[in-house]
Amino acid sequence: SQLSSLDDPEVKSIILAEQRRQRCSLELIASENFASSAVLTVLGSCLTNKYSEGQPSARYYAGNVNIDALETLTKARALKLYDLSPEWSVNVQPYSGSPANFAVYTALLNPHDRIMGLDLPSGGHLTHGYYTAKKKVSATSVYFESLPYKVDEETGLIDYDEMEKLATLFRPKLLIAGGSAYPREWDYARMRAIANSVGAYLLVDMAHLSGLVASSVVDSPFEYADVVTTTTHKSLRGPRSGMIFSRKELSDDIDKAVFPGLQGGPHNNNIGALCVALKEADSPEFKTYAKQVISNAKALSESLMEKGMKLATGGTENHLMLWDVRPLGLSGSKVEKVLERCSITLNKNSLHGDTSAVNPGGVRIGVCALTSRGMGVEEMGRVAGWLVRGAEIAGKVQEKTGKKLADFKVGMEEEEFKTEIDGLRD
Ligand code: PLP
């Protein structure tokens with residue numbers, strides 16, 4: 001309905017096709033969700049037209065009386081959602097999660113200071129300092145010295161003893177908790193103790209977990225962290241944006257790092273949409289949703305394991321799981337591509353013990369989006385069945401066609417494959 005006034009047939013048809021894709025497929029990408037129509041409405045509102053560099057009541061542009069009210073309300077809702085005392089402050093201007101993290105580094109560190117975060121192949125995020133033997137991939141590893149900690153190769157769990165040893169040797173100025181593909185709780189208390197022992201700040205990037213933390217269905221990092229960053233579009237189910245929570249004594253530096261350090265004008269349509277999402281998240285319905293996310297993830301992981309599938313760490317304590325497809329003789333990319341042809345979207349992911357980052361041995365599965373569509377534990381059993389069926393098809397295709405299909409292309413005309421897919425669609 002929002003599209004009815006759009007007089008641009010080319011863009012309209014792309015959007016409608018994407019809408020159809022989202023409606024007609026099973027969305028299992030762990031970082032995605034479906035924002036409410038209220039959030040989408042505010043994203044498309046006149047708030048997008050306004051420049052408002054600066055802070056509420058201290059702007060570099062005129063005409064910001066309404067934007068001041070909006071940003072002030074958004075900050076108040078964010079602090080209330082996480083039940084934060086006046087010791088905490090929040091900045092709601094970051095354009096997204098990556099700029100939020102870089103603003104924290106800009107505020108707390110000098111160039112070439114040392115940082116330690118979870119390695120990307122272990123489930124960490126690029127912005128936590130990722131580099132390879134060949135390349136400093138993330139700007140974070142270009143401007144800061146990064147030494148990652150990893151998960152244990154056998155168990156897939158973070159090895160806190162090893163983290164402590166590394167921290168004692170490396171003496172980072174910033175220790176980072178949080179990741180993009182870690183299915184277990186974080187030991188924030190232990191990480192606080194490690195940070196204290198070397199005089200480091202503790203940053204918790206709760207991007208994946210922020211909706212679950214808000215509903216108290218996973219552990220909260222606020223008791224232990226100096227700074228907490230998050231995206232707002234994953235389990236929190238808001239617009240694509242970012243927030244930085246910090247202890248009051250750091251908040252001036254954080255605010256200055258966001259603007260004028262790193263960004264220009266805030267994206268006020270995103271801030272408005274975030275404001276709406278924060279109110280939605282502060283409701284009994286959202287708490288019910290978050291509980292259901294946890295139950296669904298547990299149900300899906302148990303169903304997969306009952307069907308003989310192997311999951312990293314043997315399960316999940318949050319919204320996501322890592323399916324190890326190596327025992328099936330498959331790679332994560334092949335399973336991802338076959339499932340995409342079956343209208344099931346998820347993503348390949350490296351697993352502990354992987355030898356190739358290009359062709360990793362796992363896929364990451366998250367249930368936030370399907371839970372938003374009203375699916376429950378019963379549906380998770382069926383989803384597990386389809387996932388296993390997809391892997392069987394991937395195996396068959398691999399057997400039949402050999403290596404050539406390691407790079408499976410959409411548009412392939414394999415008769416048997418088409419029949420299998422049609423069977424799966426039924
Ligand atoms: N931090 C974590 C843990 C993430 O998983 C992500 C995104 O996936 C980000 C930061 C970056 O967020 P964005 O993609 O919004 O920049």
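Strictly greater than 16 Å: what percent of every Cα pair in the range 249-354 meets that? Can you show the working numbers first?
Working: 4127 of 5565 pairs.
Percent of Cα pairs beyond 16 Å in the range 249-354: 74.
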Give the aspartates and glutamates reachable from Lys348 as a straight Cα distance under 17 Å; neighbours fewer than 8 places away on the same chain don't count.
Glu27, Glu32, Asp119, Asp324, Glu336, Glu340, Glu392, Asp407
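Extension gain Val65-Lys279, at 0.36 nm per residue separation less the Cα-Cα distance, in nm?
Details: separation 214, 0.36 × 214 = 77.04 nm, distance 2.15 nm.
Extending this stretch completely gives an extra 74.9 nm.
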Least to most buried among Trp186, Trp323, Trp88, by other C-beta atoms within 10 Å and fewest first, runs Trp88, Trp186, Trp323
Please compute the contact order of the range 46-100 in relative form: average sequence separation of alpha-carbon pairs under 8 Å and at least six residues apart, divided by the residue count, as a percent.
21 percent
For the range 118-137 and the range 51-75, what is the separation of their Cα centres, given in Å?
36 Å
What list do you get for Arg382, Arg326, Arg59, Arg341 if you sort them by fewest beta carbons within 10 Å?
Arg382, Arg326, Arg59, Arg341
Over 36 Å apart: what share of the alpha carbon pairs of the chain falls there, rounded to a whole percent?
29 percent
Under 5 Å, built H, 5+ apart or other chain: amide partners of Ser350
none
Can you give the relative contact order of the chain as a percent, counting alpha carbon pairs under 8 Å and 6+ residues apart?
21 percent
Order of Cys24, Cys368 from fewest to most other C-beta atoms within 10 Å?
Cys24, Cys368
Work out how far the C-alpha atoms of the range 133-274 reach from end to end along every principal axis, then list the three figures in whole Å, largest first.
44, 35, 34
In the range 221-238, whose amide N lies under 11 Å from the spot 7 Å out along Cα-to-Cβ of Ser197? List them in ranges.
none
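Just check the range 67-226 against the gyration tensor rule for me: Cα atoms, a ≥ b ≥ c as the square roots of the eigenvalues, rounded for a/c under 1.5, and otherwise prolate or oblate depending on whether a/b exceeds b/c.
Details: a/c = 1.74, a/b = 1.42, b/c = 1.23.
It is prolate, given that a/c is not under 1.5 and a/b is the larger ratio.
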For the chain, what does -39500 (n - 2.57) per DSSP helix run (n ≥ 4), summed and divided by total residues, give at 222 nm, in deg cm²/dmol to the nearest 500?
-13000 deg cm²/dmol
Antiparallel %, DSSP beta bridges [both residues in the chain], to 5
60 percent
If you project the alpha carbons of the range 18-127 onto the principal axes, what extent comes out on each, in Å, largest first?
47, 45, 28
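Pull out the extension gain between Ala58 and Leu16, defined as 0.36 nm times the separation in residues minus the alpha carbon to alpha carbon distance; nm, one decimal. Kindly include the intermediate steps, with their values, before the conclusion.
Numbers: separation 42, 0.36 × 42 = 15.12 nm, distance 4.11 nm.
Stretched out fully, the Ala58 to Leu16 stretch lengthens by 11.0 nm.
Just so you know, all these numbers are worked out from the coordinates, no wet-lab data involved. Note that the coordinates shown come from a computational prediction; the quantities given were computed from them, not determined experimentally. As a convention, Cβ positions derive from the backbone with ideal geometry for all residues, glycine included, and neighbour counts pool all protein chains shown.
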